[in-house]
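Let me begin by presenting the structure, written as structure tokens, before commenting on it.
The values are calculated or read from the model by the stated rules, or taken from the named source; none is laboratory data. Only a predicted model underlies this, so the values are computations on that prediction, with no experimental measurement involved. Using ideal geometry, Cβ is built from the backbone for each residue, glycine included, and neighbour counts are taken over all protein chains shown. For the accessible areas, the whole protein counts, side chains as well, though only heavy atoms, and no ligand, DNA or RNA atoms are used. Shrake-Rupley method; radii C 1.70, N 1.55, O 1.52, S 1.80 Å.
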Amino acid sequence: MIKSPIRLRTLSALRETLDEHRRAGRSIGFVPTMGALHDGHVSLVRTAGEKTDITVVSIFVNPTQFAPGEDLDTYPRTEEADIARLAEVGTDIVYLPGIEEMDPEGSKTNVRVEDMSDLLDGQFRPHFFYGVATVVARLFVHVQPDVAVFGEKDF
């Protein structure tokens, strides 16, 4: 029988759950995504599962990496199908934060990686890497993984 991963939507619930695993000596693997999962994502999740005891996958459609007029509103949101795929590969936890968790009111911390933000997509979408770097940094603070797995496309 396939076990469905635990769904957590708040930082407090995520921390409480992960703290229990850490106290038990388990290592935490993490794969950040925006959902609409494909075989490449599934491969990353498998890799995280091979390297750690607990696998966390985040699904957060990051508005800060879209400029006005880009495809934020039409970006696919396939939560149930994504969770079904994640269950098939043994994902333990799916973190589904809302904007209030990822960009709380009054937040003033953002990440800009000098000399990187203008490469690749940044040449044509200068806001893109800034938005990605900020959200990934926030997700790392939330999850505090032992191992994080990124794909070639992320490079």
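Using a cut-off of 13 Å between beta-carbons, work out the net charge of the residues near Pro97 (Lys and Arg +1, Asp and Glu -1, Pro97 not included).
Residues near Pro97 contribute 0 overall.
When ligands, DNA and RNA are left out and all protein chains stay put, how many square angstrom of accessible area per residue does the chain have with a 1.4 Å probe? Walk me through the intermediate numbers first.
Working: 9050 Å² over 155 residues.
Here the per-residue accessible area is 58 Å².
Once you have a ≥ b ≥ c as the square roots of the Cα gyration tensor eigenvalues for the stretch 5-64, tell me rounded if a/c is under 1.5, and otherwise prolate or oblate according to whether a/b is larger than b/c.
oblate
Under 10 Å from the Cβ of Ile59, count the other residues' Cβ atoms, weight Lys and Arg +1, Asp and Glu -1, and hand me the total.
0
For Glu88 and Asp53, what does the FRET efficiency come to when R0 = 30 Å and r is the distance between their Cβ atoms, rounded to the nearest 0.05? All intermediate terms of the calculation are to be shown ahead of the outcome.
On the way: r = 19 Å, r/R0 = 0.63.
For Glu88 and Asp53, the calculated efficiency is 0.95.
Out of the GluC sites (Glu not before Pro) in the stretch 5-100, which ones are loop residues according to DSSP with at most 15 other C-beta atoms within 10 Å? Can you show the working numbers first?
Working: sites: Glu16, Glu20, Glu50, Glu70, Glu79, Glu80, Glu88, Glu100; in loops: Glu70.
When the GluC sites (Glu not before Pro) of the stretch 5-100 are filtered for loop state and at most 15 Cβ neighbours within 10 Å, Glu70 remain.
How high is the FRET efficiency between Ser27 and Ile99 when r is their beta carbon distance and R₀ equals 30 Å, given to the nearest 0.05?
0.55
Testing the spin-label approximation: label points 7 Å from Cα along Cα→Cβ at Lys108 and Arg15. State their distance in nm.
So the label points at Lys108 and Arg15 sit 2.1 nm apart.
Just need the relative contact order of the chain here, percent rounded to a whole number, with Cα pairs under 8 Å and 6+ apart.
36 percent
Cα axis of helix 128-143 to longest principal axis of the chain: angle in degrees, 0 to 90, nearest 10?
In the chain, helix 128-143 runs at an angle near 30 degrees to the longest axis.
In whole percent, how big is the carbon plus sulfur part of the accessible area of the chain, probe 1.4 Å, protein atoms only?
For the chain, the apolar C and S fraction of the accessible surface comes to 53 percent.
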